[in-house]
Amino acid sequence: MLNALRRSAASSISKIFIALLVVSFAVWGISDVFRGNSQQTVMQVGDARISAETFRLSLNRELALLSQQVGREVTLEQARLFGFERQLLGKLATDAAMDARAQQLGLGLSEERLGARIASDPIFDQVGGYDPRIVRRLLQAYGLTEADFVADTRNLAMRQQMARALVGGMQAPQAMIELGFRYLNEQRSVSYFILDPIDPATVEDPDEEALTAFFEENREAYEAPEMRSFVTLALVPNAIVNPDAITDDQIAADYEANRARYSTEERRRVVQLLFQSDEAATAARERLVAGETPEAIADDATLSATLTEFGTVERRSLVEDAIAESAFSLETNGVSEIIEGRFGPRLVYVAEILPPETRPLEEVSDEIRQNLALTQADEEIFSLSEAIEDARAGGETLAEIAARYSLTLESFDMISGDGKDAAGEDVSLPEAEGLLSKVFESDIGLENDYLSLGARGFLWFEVTDITLARPLELDEVRDQVIARWKEDAAERLLQERADAVLAEIREGATLEAAAEANGVEVQSLDGVTRETEEETLGTAFVAAVFEGPRDSTGQVETADGTARILFRVDNTVVPAFFMTSEDAENVAQNFAAALQDGLLTQMVGAIQDDLGVRINQGLVDRLTGASQ
C-alpha cells in the first residue's frame with residue numbers, strides 16, 4: 001500500500017525494484033510470516049511461513065487499493081478473473097524470498113539510517129512533511145500500525161540493497177540504444193486509398209445447394225438455447241414499509257434523541273496563502289487588511305504566494321491546530337497573523353462564515369417518519385422471512401405465500417441462460433447475484449435456497465417450465481442463414497478485389513491510376529512512426545507500412561475490418577542519432593530498466609528455486625472464495 005503511494009517520488013532503482021518485486025502487493029508486518037501452524041499456512045518459502053491472516057489482510061488491502069485506482073468497488077470475484085490472488089501470491093513469495101536471502105547475507109540498517117529514511121519517505125510529501133501526529137492518522141487510514149510501517153521500511157531498504165548490488169548503474173550498450181532510437185523514430189510518408197465495403201444487399205442470394213452447405217458448416221451457430229420460465233418472490237424493507245404506522249410522538253422522540261443529526265456546526269470558507277519570506281507575508285497581510293482579496297495577492301508575481309482553498313469546512317476538518325485556531329477566531333474577511341510552517345510563512349483568510357443551524361422538526365418530520373418505518377421494516381423482515389421459509393417447508397408455493405402476505409410475485413416467461421427472452425431481447429431481472437445460474441441449476445418442483453437481495457433483502461424463486469435446447473433446421477432460420485452467407489460473400493469479394501488491385505499495382509499500375517479506376521481518391525499521410533495511432537486506419541496498417549522498404553506496396557484491413565486499404569510507402573526518414581538528445585536518453589533509460597528488470601527477475605527466481613516455494617492451494621481457495 002505504502003509502496004504504491006511512494007511510487008511517484010522514488011529513485012530510479014527504487015522504481016524498478018518496487019515495480020518488479022513489490023508493485024502494489026507489498027506485505028505488511030512480514031515478520032509475522034515466520035509464525036503459525038501448517039494448517040493456517042498459505043505459503044512456505046524456505047523456512048518462512050506466510051499465514052492465512054497475513055494473506056487475508058494483504059488481499060483486503062490490495063483489493064481496496066485496486067478499487068481506489070479504478071474509481072469503483074472491485075469485488076474479489078471480479079479480481080479473481082484477472083488472476084488477482086495469483087499475483088498477490090507471487091509478490092508475497094518474492095518479498096519472503098528476498099527477506100530470507102537478505103538475512104542470510106547479513107544485510108541490515110542502523111537505527112539512525114532507518115530513522116532518517118522514514119523521515120524522508122516521499123509518502124509524507126502529501127501531508128507537508130514528516131509530522132508524527134499526521135503520520136499516525138495517515139497510517140491508520142490505510143489500516144497500518146507504526147510497527148508495520150517501520151518493519152516495511154527496513155525490509156524494503158534491505159531488498160533495495162540487494163537490487164543495487166546486482167543492477168545499480170547498469171546501462172544498455174550504445175549500439176543497442178541507437179538501434180532502438182532508429183526503430184522508434186523512423187518516419188514514413190504513405191499514399192493510400194480505401195476500398196469501401198461491398199453492401200451484402202447487392203450480392204445475389206445463394207442457390208439451395210450453396211445455402212445448405214453453408215448451413216451445415218455453421219450448424220453450431222443455429223441452435224435454440226434452453227429456455228426456462230420461473231417466478232420470483234422478493235422480500236425487501238421497502239416492500240413491507242408502512243410509514244402510516246409511525247406516530248407523531250415517535251417522530252418527536254427520535255428528533256430529540258438525534259438532534260445533532262439535523263444540526264450543522266459553524267463552517268467557514270478558509271483560504272491559505274504560503275510565502276517564501278516573512279517580508280512578503282507581512283506586505284501581503286497589510287494589503288489584505290486594507291481590503292484586497294487573496295486572489296489578488298496570489299496573482300501578484302512579486303509576492304510569490306501560493307493560494308490553497310480549504311473550502312467551506314468545520315473546525316475539526318482542519319488537521320493543523322494552528323490553522324484551525326486562527327481560522328475560527330477571525331471575523332469575515334479577517335486575516336491571521338503570520339503562521340510559521342515547514343515550507344514557509346503562511347496567512348489564513350476567512351472569506352465567509354456560516355453559523356451553526358438546526359433544521360426544525362416540521363422540516364424533517366417526513367424524513368424521520370420514513371427512516372423509522374424502514375427501521376421497523378428491517379426488524380420485521382427477518383421474522384417474516386422465517387415465516388416464509390416455514391410455509392415453504394410446509395409445501396406452500398410462492399404464489400400462495402405471496403397472496404397470504406400481500407407480496408408481489410413476478411413471472412418470467414421463457415428466459416435463456418444469458419438473460420434474453422424468446423425474441424432475443426434483454427430482460428430486467430431482480431438484482432440477486434447468481435439468480436440465472438441458480439434457475440438453470442434447478443428443476444420444476446424443486447425447493448430452492450433463497451438468494452440475498454441487496455443488503456437486507458431475500459429472493460425466492462421457483463422454476464415453472466423448461467424448454468430444452470435443440471438444433472434449428474434450415475427452414476426455421478433461412479432468412480438469417482441467407483443474410484450471413486451474403487455477408488461472408490461480400491467480405492470475400494472485397495478481399496478478392498483488393499488482392500486483384502494490389503496485383504495490378506505491383507505489375508506496374510500506379511497507385512493513383514488504381515484509385516481512379518475504383519472511383520476513389522488517393523490520400524497521404526506523413527510522419528508515420530511505429531507508435532502512430534490511427535483510429536480509422538488501425539494498428540495493422542501502421543505495422544504493414546513498416547514491413548517493406550521505400551516504394552513498397554501492400555493492402556490491409558481498416559481498423560474495423562470492414563474496408564481495405566491499398567498503400568504505397570513514398571519516403572522514409574531516419575533522424576540523426578545523438579546520444580545526448582532527449583529521445584535517445586529516454587530510449588537509454590527504458591532499455592536500462594528492461595535489462596535491470598530481467599536480471600532482477602532471474603535473481604528472484606533463483607532465490608525461490610533455492611529456498612523452495614510451496615502453496616497451500618486449498619487454503620488459498622477458501623480464503624478467496626474460489627472453492628465455493
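The values are calculated or read from the model by the stated rules, or taken from the named source; none is laboratory data. Note that the structure is a prediction, hence the values are computed from the model and not measured. All Cβ positions, even for glycine, are placed from backbone atoms using ideal geometry, and neighbour counts span all protein chains on display.
One table, with the values for the structure above:
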quantity: Check on Glu111, charged (D, E, K, R) and touching a residue at least 40 places away in the same chain (Cβ under 8 Å); calculated: no
quantity: The range 64-92, residues that are assigned to a helix (DSSP H, G or I), over 26 Å from Leu600 (Cβ atoms) and without any contact (Cβ under 8 Å) to a residue 24 or more places away in the chain; calculated: Ala64, Ser67, Gln68, Val70, Gln78
quantity: Checking Ile353 against (1) surrounded by 13 or more Cβ atoms within 10 Å (Cβ to Cβ); (2) outside any loop (DSSP other than H, G, I, E, B); (3) modelled with pLDDT under 90, the condition it does not meet; calculated: (3)
quantity: Positions within the range 42-63 being assigned to a loop (DSSP other than H, G, I, E, B) and on the phi < 0 side of the Ramachandran plot, in sequence order; calculated: Asp47
quantity: Unmet requirement for Leu361, which otherwise passes all of (1) farther than 19 Å from Ile240 by Cβ; (2) under 39 Å from the mean Cα position of the chain (by Cα); (3) of a type outside the set (Lys, Arg); calculated: (2)
quantity: Sole residue being assigned to a strand (DSSP E or B) and within 30 Å of Asp244 (Cβ to Cβ), chosen from Glu410, Glu400, Glu380; calculated: Glu410
quantity: Hey, Leu453 surrounded by 11 or more Cβ atoms within 10 Å (Cβ to Cβ), in the same structural domain as Val231 (by TED's automatic domain parsing), touching a Phe, Trp or Tyr at 6+ places or on another chain (Cβ under 9 Å) and not charged (D, E, K, R) or not; calculated: no
quantity: Any pair with Cβ under 7 angstrom, 6 or more apart, that starts in the range 402-420 at a residue that is in the same structural domain as Leu435 (by TED's automatic domain parsing) and ends at one that is of a type in the set (Ser, Thr, Tyr); calculated: Ala402/Thr408; Glu410/Thr232; Phe412/Ser229; Asp413/Ser229; Met414/Ser229; Met414/Thr467
quantity: Residues satisfying the stated conditions in the range 298-319, i.e. free of Cβ contacts under 8 Å to residues at least 60 places away in the same chain, assigned to a loop (DSSP other than H, G, I, E, B) and not polar (S, T, N, Q); calculated: Asp300, Ala305, Leu318
quantity: Members of the range 40-78 found to be touching a helix residue (DSSP H, G or I) at 6+ places or on another chain (Cβ under 7 Å), over 15 Å from Leu92 (Cα atoms) and either of a type in the set (Val, Ile, Thr) or not assigned by TED's automatic domain parsing to the domain that holds Gln104 (or both), listed by number; calculated: Val74
quantity: Any hit, the range 298-312, residues being over 30 Å from Pro132 (Cβ atoms), surrounded by 11 or more Cβ atoms within 10 Å (Cβ to Cβ) and in contact with a Leu (Cβ under 6 Å, 6 or more places away or on another chain); calculated: yes
quantity: Within the range 192-282, helices (runs of 4 or more DSSP H) holding 3 or more residues that are touching a helix residue (DSSP H, G or I) at 6+ places or on another chain (Cβ under 7 Å), farther than 30 Å from Ala423 by Cα and assigned by TED's automatic domain parsing to the domain that holds Leu566; calculated: none
quantity: Flag if Ala500 is farther than 27 Å from Tyr183 by Cα and not in a loop (DSSP other than H, G, I, E, B); calculated: yes
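Residue-wise test of (1) surrounded by fewer than 18 Cβ atoms within 10 Å (Cβ to Cβ); (2) in the same structural domain as Ile194 (by TED's automatic domain parsing); (3) part of a loop (DSSP other than H, G, I, E, B); (4) not small (Gly, Ala, Ser).
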| position | (1), (2), (3), (4) |
| --- | --- |
| Arg530 | yes, yes, yes, yes |
| Leu537 | no, yes, yes, yes |
| Phe541 | no, yes, no, yes |
| Val556 | no, yes, no, yes |
| Ala559 | yes, yes, yes, no |
| Thr562 | yes, yes, yes, yes |
| Phe578 | yes, no, yes, yes |
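Table: residues versus (1) in contact (Cβ under 8 Å) with a residue 60 or more places away in the chain; (2) closer than 16 Å to Arg188 by Cβ.
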| position | (1), (2) |
| --- | --- |
| Asp551 | no, yes |
| Asp583 | yes, no |
| Phe591 | yes, no |
| Gly598 | no, no |
| Gln608 | yes, no |
| Leu611 | yes, no |
